[in-house]
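The values are calculated or read from the model by the stated rules, or taken from the named source; none is laboratory data. As the structure is a computational prediction, the values presented were derived from the model and not from experiment. Heads up, the Cβs are rebuilt from the backbone with ideal geometry, glycines too, and the neighbour counts pull from every protein chain shown.
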Amino acid sequence: MFKLYNKRENDKMAKNTDTLSAFFKSFADTEDQLDFRLAHETAGKQMPVISTGSLALDDALSSGGLPLGRLIQFYGAAGSGKTLMTMLAIKEAQVKDPKSQQMFIDAEGTFDSNWAEVLGLDTSRIIVVDGETAVIGRNCFEMILGVPKEDKKTHEYVGKSKEGLLDKIRAGEFNINLIVLDSLGAILPPGEDISAVGKMNMALLSRFLTTTFRKLSLELNKSQVPFIVINHKKATMDPYGADHSYSGGNTYTHFLSANIYFEAVARADAQILDEKDQKIGHTMRATVEKSKFGPHPRKCEFKVNFGIGIIDRHIEIAQLAVDYNVINKTSTVTHEYGDKKWVGFSKFCDAIKEDEALAAELIIKINSAREHKWETKRLEQQQKTEILINSLEKKKSKKGE
């Protein structure tokens with residue numbers, strides 16, 4: 001009886017879903033556009049991502065990397081490693097799709113091709129946009145979003161007179177899988193680009209971003225391209241709140257799916273020096289101040305060398321393997337994996353560093369464990385939904401009697 005009851009309920013739910021589909025299609029702009037979903041269908045679903053280059057940061061984001069179709073901000077003080085992390089993200093995007101290209105909007109005019117090549121990037125696949133197109137906000141975002149078309153008779157905006165970059169990506173004409181803006185603080189908003197030198201303009205950038213980023217968020221989601229915004233750290237005068245902020249205003253924050261603050265760790269042993277005692281890197285702390293994919297704030301630390309990228313990757317793998325129970329800890333110091341055993345966390349890290357096959361295997365197991373965690377959540381939510389529907393139907397049948 002229970003199976004028959006479930007079958008009857010499933011048939012009823014399927015019929016309701018078909019009715020909903022027809023309803024939403026009647027309001028859609030195109031035949032294929034269906035802007036609705038049942039919540040349990042996507043709960044816990046693993047979203048497509050591009051790695052940040054750091055396994056620890058990927059995990060701290062609760063998404064496994066930079067989610068496609070979202071706005072992500074990297075910000076921090078000068079020299080904290082913001083641009084380095086975007087370079088590493090571009091490198092990961094190139095690895096994910098060997099035929100893809102990436103766009104770097106260089107509003108600060110500081111893109112260094114030599115440095116990019118040293119880090120292992122294929123510069124022949126990176127499109128660098130600079131000059132007025134990058135600096136003047138109107139030009140920059142019209143290039144990305146396109147130009148609306150105004151009907152001369154009704155003065156209504158219908159369609160676009162010129163398609164933007166995201167329209168071309170969505171149509172399959174361009175294969176660009178990552179866009180970077182360096183930096184938001186260097187953008188000239190409309191009004192400021194034509195004002196007199198030294199004239200004070202009130203919150204032009206904030207007002208410009210409020211309207212522009214509403215469009216940008218929607219278009220990015222349609223095109224499934226992650227957009228990294230590099231921003232500057234700004235001091236605040238609030239004695240009770242945060243000691244720092246960033247350009248863009250309060251409303252701008254709401255458009256961000258992830259907001260990551262980078263800083264150099266101030267410990268004495270955190271600096272990485274060469275043989276001449278010149279700084280070539282540091283231990284970086286990344287604070288995920290906002291994430292739409294999991295709890296926040298969350299912090300992680302990793303070491304970066306400005307000429308190489310992230311170093312001590314084996315330590316990240318070892319820690320995540322422990323966190324996700326990929327290896328067995330039979331005691332506080334003993335780590336076991338298969339028929340292998342290490343006494344002490346440092347020896348476990350050294351083993352991963354020396355054995356590339358072990359490192360690759362552990363990464364696969366860590367990703368599988370994370371996906372299993374999300375799948376478990378999805379199934380739990382689906383069961384709760386089914387139980388709720390069954391209880392509601394039983395109450396209806398009792399009232400009918």
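Values for this structure:
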read-out: Pairs, first over 24 Å from residue 66 (Cα atoms) in the stretch 201-230, second assigned to a helix (DSSP H, G or I), C-beta under 7 Å, six or more apart; value: 206/251; 206/252; 208/137
read-out: Test: residue in the stretch 91-111 that is assigned to a helix (DSSP H, G or I) and in contact with a Phe, Trp or Tyr (Cβ under 6 Å, 6 or more places away or on another chain); value: no
read-out: Top-ranked residue of the stretch 288-299 - restricted to ones that are surrounded by fewer than 16 Cβ atoms within 10 Å (Cβ to Cβ) and under 14 Å from the mean Cα position of the chain (by Cα), ranked as modelled with the lowest pLDDT; value: 294
read-out: Residue pairs meeting the criteria (Cβ under 8 Å; at least 6 apart or on separate chains; first assigned by TED's automatic domain parsing to the domain that holds residue 266, in the stretch 287-308; second assigned to a loop (DSSP other than H, G, I, E, B) and among the β-branched types (Val, Ile, Thr)); value: 301/265
read-out: Only one of 313, 285 that is surrounded by 18 or more Cβ atoms within 10 Å (Cβ to Cβ), among the basic types (Lys, Arg) and under 17 Å from residue 351 (Cβ atoms); value: 313
read-out: Single residue of the stretch 262-273 satisfying the filter (in a loop (DSSP other than H, G, I, E, B) and at pLDDT 90 or above) that is farthest from residue 232 (Cα to Cα); value: 270
read-out: Test: residue in the stretch 360-369 that is modelled with pLDDT under 95, in contact with a His (Cβ under 7 Å, 6 or more places away or on another chain) and either charged (D, E, K, R) or buried (at least 16 other Cβ atoms within 10 Å of the Cβ) (or both); value: no
read-out: Hits in the stretch 192-231 - residues which are of a type in the set (Gly, Ala, Ser) and buried (at least 16 other Cβ atoms within 10 Å of the Cβ); value: 217, 223
read-out: Per-region count, the stretch 299-308, residues among the hydrophobic types (A, V, I, L, M, F, W, C) and assigned to a strand (DSSP E or B); value: 3
read-out: Residue within the stretch 265-283 that is among the basic types (Lys, Arg) and within 21 Å of the chain's Cα centre (by Cα) present; value: no
read-out: Filter pass, residue 69 being more than 20 Å from residue 308 (Cβ to Cβ), part of a loop (DSSP other than H, G, I, E, B) and in contact with a Pro (Cβ under 9 Å, 6 or more places away or on another chain); value: yes
read-out: Subset tally (residues that are in a loop (DSSP other than H, G, I, E, B) and of a type in the set (Ser, Thr, Tyr)) for the stretch 155-194; value: 1
read-out: In the stretch 201-245, the residues that are among the β-branched types (Val, Ile, Thr), under 22 Å from residue 76 (Cβ atoms) and in a loop (DSSP other than H, G, I, E, B); value: 236
read-out: Matching residues in the stretch 274-298 - criterion: being in a strand (DSSP E or B) and more than 25 Å from residue 119 (Cα to Cα); value: 289, 290, 291, 298
read-out: Some residue of the stretch 143-152 being surrounded by fewer than 20 Cβ atoms within 10 Å (Cβ to Cβ), modelled with pLDDT of 90 or more and either acidic (Asp, Glu) or more than 18 Å from residue 251 (Cα to Cα) (or both); value: yes
read-out: Matching residues in the stretch 270-293 - criterion: being within 23 Å of residue 61 (Cα to Cα) and of a type outside the set (A, V, I, L, M, F, W, C); value: 282, 283, 285, 287, 289, 290, 291, 292
